Amino acid sequence: MEIQNILSQELDTRLFRIERNQDELRELILAGSKFNKPQKQRLTRKDVCDQYGISLPKLHDLMKKGLPFAKIGRKTLFVPSQVEDFFNSKNVRL
């Protein structure tokens, strides 16, 4: 009987530690997700198309109509804030 009590107390202690560790991990995960999300500084053509639900040909049309972009080597890159401003300031039909 005494052995059962000792084992029961030991199990309770271990369960308490596990639950406390889970709570601490949950808090760390939530804190990390709020503050450590790196925001992309540049978007690719695919990123812009995915984000705004447009096709590549439509994106090229918008680039001809003034959507700001930069060519770095063979890559075409966009600044997220400039893309958002373009879509907000113009009456762009998607």
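Values in this text are rule-based calculations from the coordinates and carry no lab data. Note that the structure is a prediction, hence the values are computed from the model and not measured.
Over the range 43-89, the reciprocal of the mean inverse Cα-Cα separation, the Kirkwood hydrodynamic radius, stands at 10.6 Å.
In sequence order, the range 3-20 has phi-based couplings of 5, 5, 5, 5, 5, 5, 5, 5, 5, 4, 4, 5, 4, 4, 5, 4, 5, 5 Hz under the Karplus curve 6.51 cos²θ - 1.76 cosθ + 1.60, θ = phi - 60°, and Gly or Pro positions carry x.
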